[in-house]
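I have placed the structure first, in the form of structure tokens, so that the comments after it can refer back to it.
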Amino acid sequence: MTTDGEDSLYVLTAVLLTPAQFPSVLGDDYPAVCRALGLGPRSEGYGLVLGQDHSGARWTVVTGDVTQVACAVAAWDCGMEYDLSPDERTVVQVLPGWPLALAVSAPGLPAPHDPVVGEGPNWLPPVLSPPDTSRWGPAQRRLGADEIALQWAQWRAQVEEGVEFVESGGRPDSGVRRVLEEIRGYLDAPPPPGRIRSAFASGNARTLRADGPGWSVVARTDDIAFVLLDEAPGEIRPVGRGSELPGLLAALDSIAVRPAA
């Protein structure tokens, strides 16, 4: 989105913020991510447009035109050009800074930097900044789960016969047992939107993503599950199907939030 004048925004990227698709590095569920950005959790969601102004300052434009942002993201993912220019009437809020780390910048502009915010009639909310992912913790754990979901075949191939599975039935280690019990609790008391998400996978399967306090789970409905724990830095624990996991995954998929077709 580029326009003439000092109010120009040079768009670098955009992401969806909906119950089914959101930057999970920012929170375990959709309402939590909205709170982190100072937004109310609208059922239809938002689009986040990240760019720089004429001085190079970082800005995040929050738009209610989710469809336009979804089209832009889909086009860019396919290597196509798309001029993302949200109509001013759809802009919900303009936030200083970026909530996500970007390695790109607009050509011909000063290096990306945070805008100066102050008090008075032009007061702005605190400058957004990406969460710290340099050390193991909730943000890095969720990023790890994102990577497994994105590269499922690669991670699944690393689980060979020599890997000891944590059985979903019986008595697995206490950390995994706690996670499985909390997941079952979601079936009786549905969690906030986005805690359980279901996405397309190959064949008739679905990729499931579930998060909770201190843990993330990635699974395929026709295969195994991987558990990541805040208390176990860098560890990825595979959970075998056994007799219990298939039914649990099917039940989770039935209450999961799915992306719009």
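Which of the residues belonging to segment 141-158 are over 17 Å from PHE22 (Cβ atoms) and open to solvent by 50 Å² or more (accessible area, probe 1.4 Å)?
GLN151, ALA153, GLN154, TRP155, ARG156, ALA157, GLN158
If GLY144 passes every condition in (1) within 14 Å of LEU12 (Cβ to Cβ); (2) modelled with pLDDT of 95 or more but one, which one does it miss?
It fails just one condition, (1).
Does segment 232-261 hold any residues that are exposed (fewer than 12 other Cβ atoms within 10 Å of the Cβ) and either modelled with pLDDT of 95 or more or not aliphatic (A, V, I, L, M) (or both), and which are they? Reasoning before the result, please.
Filtering segment 232-261 down to residues exposed (fewer than 12 other Cβ atoms within 10 Å of the Cβ) leaves 234, 243, 247, 254, 261.
Selection gives GLY234, SER243, GLY247, SER254.
I'd like the full set of residues that are in contact (Cβ under 8 Å) with a residue 24 or more places away in the chain and either in a loop (DSSP other than H, G, I, E, B) or in contact with a helix residue (DSSP H, G or I) (Cβ under 8 Å, 6 or more places away or on another chain) (or both), limited to segment 57-86.
Correct list: THR63, GLY64, ASP65, ASP83, LEU84, SER85, PRO86.
Output the number of residues of segment 169-213 satisfying the condition of being in a loop (DSSP other than H, G, I, E, B), open to solvent by less than 20 Å² (accessible area, probe 1.4 Å) and either at positive phi or hydroxyl-bearing (Ser, Thr, Tyr) (or both).
Selection size over segment 169-213: 1.
When you check LEU109 against the structure, is it open to solvent by less than 60 Å² (accessible area, probe 1.4 Å), outside any loop (DSSP other than H, G, I, E, B) and in contact (Cβ under 8 Å) with a residue 12 or more places away in the chain, yes or no?
So LEU109 does not fit the description; no.
If I filter segment 69-88 for residues that are touching a Pro at 6+ places or on another chain (Cβ under 7 Å) and modelled with pLDDT under 95, do I get at least one hit?
Checked against the condition, which is being touching a Pro at 6+ places or on another chain (Cβ under 7 Å) and modelled with pLDDT under 95, segment 69-88 yields no hits at all.
Just to check your reading of the model, which residue among ASP53, ASP87, ASP83, ASP28 is in contact with a Leu (Cβ under 8 Å, 6 or more places away or on another chain) and acidic (Asp, Glu)?
None of the other options fit; the residue is ASP53.
Being under 20 Å from TRP136 (Cα atoms) and touching a helix residue (DSSP H, G or I) at 6+ places or on another chain (Cβ under 9 Å), is that true of even one residue in segment 201-210? Break it down stepwise before answering.
Let us first name the residues in segment 201-210 that are under 20 Å from TRP136 (Cα atoms), namely 209-210.
Right, trim to touching a helix residue (DSSP H, G or I) at 6+ places or on another chain (Cβ under 9 Å) and you get 209-210.
Yes, the conditions are met somewhere in segment 201-210.
Just to be sure I understand, how many residues within segment 88-106 are in a loop (DSSP other than H, G, I, E, B), of a type in the set (A, V, I, L, M) and touching a residue at least 40 places away in the same chain (Cβ under 8 Å)?
Start the filter on segment 88-106 by keeping residues that are in a loop (DSSP other than H, G, I, E, B), which leaves 98-106.
Filter once more, keeping what is of a type in the set (A, V, I, L, M): 100-104, 106.
Retained after the next criterion (residues that are touching a residue at least 40 places away in the same chain (Cβ under 8 Å)): 100, 102, 104, 106.
The total comes to 4.
The values are calculated or read from the model by the stated rules, or taken from the named source; none is laboratory data. Computed from a prediction, not measured in an experiment: that's the story for all the values here. Backbone-built Cβ (ideal geometry, glycine too); neighbour counts: all protein chains shown. For the accessible areas, the whole protein counts, side chains as well, though only heavy atoms, and no ligand, DNA or RNA atoms are used. Shrake-Rupley method; radii C 1.70, N 1.55, O 1.52, S 1.80 Å.
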